[in-house]
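Below is one structure, written out as C-alpha cells; the observations come after it.
The values are calculated or read from the model by the stated rules, or taken from the named source; none is laboratory data. The shown structure was predicted, so the numbers you read here are calculated from the model rather than taken from an experiment. In this analysis, Cβ positions are derived from the backbone assuming ideal geometry, glycine residues included, and neighbour counts consider all displayed protein chains. Keep in mind that these areas ignore ligands, DNA and RNA; they rest on the heavy atoms of the full protein, side chains included. Shrake-Rupley method; radii C 1.70, N 1.55, O 1.52, S 1.80 Å.
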Amino acid sequence: MKNVCICLLLILVSCNSSHQEKKAVTGTRIDGEYVIEDILIETEKDIFISGIVVKKKDDARPKPAILQHTIYVRNRDVNTLKHAVDNGYIGIITYSRGKYKSPNDIFPYENEATDTYAVIDWISKQKWCNGKVGMYGGSYNGFTQWAATKKMHPALKTIVPAAANRPGNGLPMENNIFINPNYEWAFYVGNNKTLDTVVGNDRQRFRSLQFEWWNTGSAYKKMDSIDGTPNAFFQRWISHPSYDEYWQNMVPYKEEFTNIDIPILTFDGYYNDSQNSNLYFYRQHYKYNKNAENYLIIGAYDHFGAQKGGRRQLRGYQLDENGLIDPLKITYEWFDYTLKDGEKPAILKDKINYQVMETNTWQSAPSIEKMHNQELKLFLADSKEETYLQLVESQQKELKSFSQTIDFKDRNTSNNNNSYPDPIIENSLNPTNGFTFITKPFEEDTYISGSFSGELIFSINKKDVDVGVTLFEVLPNGEFLHLSGFIGRASYAKDETTRNLLTPNELFSFPFSNTRLISKKLQKGSQLLMILDVNSNPFSQLNYGTGKDVSDENLKDASEALQIKWFTDSFIKIPIFKP
C-alpha cells in the first residue's frame, strides 16, 4: 500500500509539472533541429515573466539548463539559446518584469532578486531539466546573476558574470557620485517592451543635455526638466544617494555572501567602466566566504570586451598577441566542468588569471592581494621635477600644503577632465587647475599589478567635496598611458551607507581603495604621474559642498568658492610585483 501511495504521488507531481509547463508555454515553433517555445511564467499573483526556451528536437532527455536573465530584448537572443543546445544544454532566456510579453510595469534593477529565484524554481520543475541550472551573461545580465544569489535556490549550480553592474555604487553612482550614462539608459530600456533604439542612438541629445545642465547651473534633479521628458527612474535613483536598503535589497549584502557556495567564473577588463562593480562582488564573496570557489579572468578589455573577448585595438592601445580570449568558449567549458563533471578550463591556473600588458603573458595568483608582493608608497612633495610636482618615497619632514580654488560659478572651467581612459594613450593631457605629481624614472622594468590605494589629507571651507585621482604611466617617449583612477565623495569616505559631512576648515582624512585593477609592465625609464583634482565637470553630479542633498544644489549655492588645501602627508600605494 505504501509503494502504491508513493507511485501515485510521483504521478501527481509529474502531471502537475507537465501542466505547469504547458500553462506557461504560449507558443511553439520548429526551426530545423530546434524546438522554440515562448513562455510566460506567473511567478506570483498577477506577476509575469516572459521568455524563450530552446530545446533539441526529438531529444527528450533531461539536461542542465543555461539561463540568461536580462532587461535587453533583442532579435539575436534565440541564437544564443541555440548555442546552448548545440553544446548539450537547454537554452533559456527570461526578461525583466514588464519586458517582452510581460504585462507588468518595468522597474530596472528592483525585482530581479525575487524574479530570478522564481524563474529558477520554475525551470527546475520542468521535465526537460535535470535539476541543474547555470547562468551567464554580462553587464546587466551579470548583475541579475548576483541578484539570483541573494537567496540561493538549490537548483542554481553556477554563475558566470562578466562586467557585472552593481546598482547603487557602480551605476548609476560611483562611490556615491551620480554619473550620467544611466540617465539616457533609463529611456533605452524603459520606454517599451523591447528597446528604444531611437533614443539609445541619440547621443547628441544627451550630450547636449549634459552641457545645458552644466552651463545653466540648474540642480541635478532638474535634468529631465531641461530635457523636456520626465525620467521617473532617474528621479527614483537620485532619491537614494546613500547605499541604503533600496540598493541593498537588489543584490547580496555583507553576510548574505556567506551563503553563496556555488562555483563562479568571473570575467572582467582593466578598462571596463563597471570594473568596480564586478570586483566588488568578487571581493565581498571572498571576504564573507573564505572557502569560496570564484575564479577571475581579466585582461586589457573594456566593458564589451570583457564580455566578448576584446579587440586588437582598444582606444588607441595595441593589445598583446595573446591578449584576446574567447569568453563564450571558456564559459561552456566551465559549464561542462561544473554541470557535467568535465575538465576545468585550461586558462584557470589559479583563482586570479590575468594578462600582463606589454609582456604577451598570462599570470595567475591565489587572490587579488597576491597579484603583487610589494607596495610602493608615494607621498606628495612640494619640490618639482621640471613642470610637475614630485611623488616621493619618503614623507617630507616639514608638512606643506597646496591650495586650490574652485569657483563653481565659472562654467568655462571644469576639473578632473583626464579621468576617463579614452584614448588610453595620449600625447598630452587636458589642462587642469588641479595638481600633477610625478615620480623619478624607473631604473628597471617594473610591474604594477593590482589596485592602487591611498589616503588624502586635506581641509576645505565647506561641508563636502568630490575628488578625483588619476594615474598614468609617462612613457620614455613622452606619451601618457592611462593606468587607473578614482572618483569619490568625501562625506561617504568612511561609510557608503551614511553621509557624514565634513567640518569646514578642519583636517580630513579620505582613505580610498575602490580603484580600477590593472596589471602592466612599466618600461625602464617610465614614470608614474598622478593628477589630484576636484571632480567638477558636466559628466556627473556637481557637489557644491553646502551639505544639502547634492541633487538639490544649484548655482545659487556657488556664492562662496571652494578653498581646498591638500597636505603633503597624503599618499598613494602602488601594488608592485617583483619577479
Q.
Every residue in segment 302-316 that is more than 22 Å from the chain's Cα centre (by Cα) and surrounded by 17 or more Cβ atoms within 10 Å (Cβ to Cβ), please.
A. none
Q. Any chance segment 430-447 includes a residue that's closer than 27 Å to LEU171 by Cα, touching a Phe, Trp or Tyr at 6+ places or on another chain (Cβ under 9 Å), hydrophobic (A, V, I, L, M, F, W, C) and open to solvent by less than 30 Å² (accessible area, probe 1.4 Å)?
A. no
Q) Would you say ASP569 is more than 24 Å from LEU429 (Cα to Cα), of a type in the set (Asp, Glu), in contact with a helix residue (DSSP H, G or I) (Cβ under 8 Å, 6 or more places away or on another chain) and surrounded by fewer than 21 Cβ atoms within 10 Å (Cβ to Cβ)? A) no
(Q) Could you tell me how many of the residues in segment 375-387 are at pLDDT 95 or above and either open to solvent by 60 Å² or more (accessible area, probe 1.4 Å) or of a type in the set (D, E, K, R) (or both)? (A) 2
Q: Would you kindly identify the strands (runs of 3 or more DSSP E) lying entirely within segment 453-525 that contain at least 2 residues that are touching a residue at least 40 places away in the same chain (Cβ under 8 Å) and more than 23 Å from ASN417 (Cβ to Cβ)?
A: 453-460, 508-512, 518-522
Q: Could you please let me know if GLU184 is open to solvent by less than 70 Å² (accessible area, probe 1.4 Å) and either of a type in the set (Val, Ile, Thr) or more than 30 Å from ASP495 (Cβ to Cβ) (or both)?
A: yes
**Q.** LYS370 vs. criteria basic (Lys, Arg), part of a helix (DSSP H, G or I) and either under 20 Å from ASN278 (Cα atoms) or open to solvent by less than 70 Å² (accessible area, probe 1.4 Å) (or both)
**A.** yes
Q.
Anything in segment 163-202 that is closer than 17 Å to ASN278 by Cβ and touching a Pro at 6+ places or on another chain (Cβ under 6 Å)? List them, or say none.
A. ASN182
**Q.** Cross-chain or 6+ apart pairs with Cβ under 6 Å, segment 184-210 first and over 22 Å from ASN537 (Cα atoms), then charged (D, E, K, R)
**A.** PHE187/ASP196; TYR188/ASP196; LYS193/LYS99
Q: May I ask you to list the residues in segment 118-169 that are assigned to a loop (DSSP other than H, G, I, E, B), out of contact with any strand residue (DSSP E or B) (no Cβ under 6 Å at 6 or more places or on another chain) and more than 20 Å from ALA84 (Cα to Cα)?
A: THR149, LYS150, LYS151, MET152, HIS153, PRO154, ALA164, ARG166, GLY168, ASN169
Q) Within segment 518-539, can one find any residue that is among the β-branched types (Val, Ile, Thr) and surrounded by fewer than 22 Cβ atoms within 10 Å (Cβ to Cβ)? A) no
Q) Do we have any residue at all in segment 493-514 that's buried (at least 22 other Cβ atoms within 10 Å of the Cβ), among the acidic types (Asp, Glu) and farther than 30 Å from ASN182 by Cβ? A) no
Q: State which residue is surrounded by the fewest Cβ atoms within 10 Å (Cβ to Cβ) when the search covers only segment 169-181 and only residues that are more than 22 Å from LEU296 (Cβ to Cβ) and not aliphatic (A, V, I, L, M).
A: PRO181
(Q) Out of the residues in segment 400-427 meeting the condition of being open to solvent by less than 20 Å² (accessible area, probe 1.4 Å) and more than 25 Å from LEU507 (Cα to Cα), tell me which one is nearest to the chain's Cα centre (by Cα). (A) PRO421
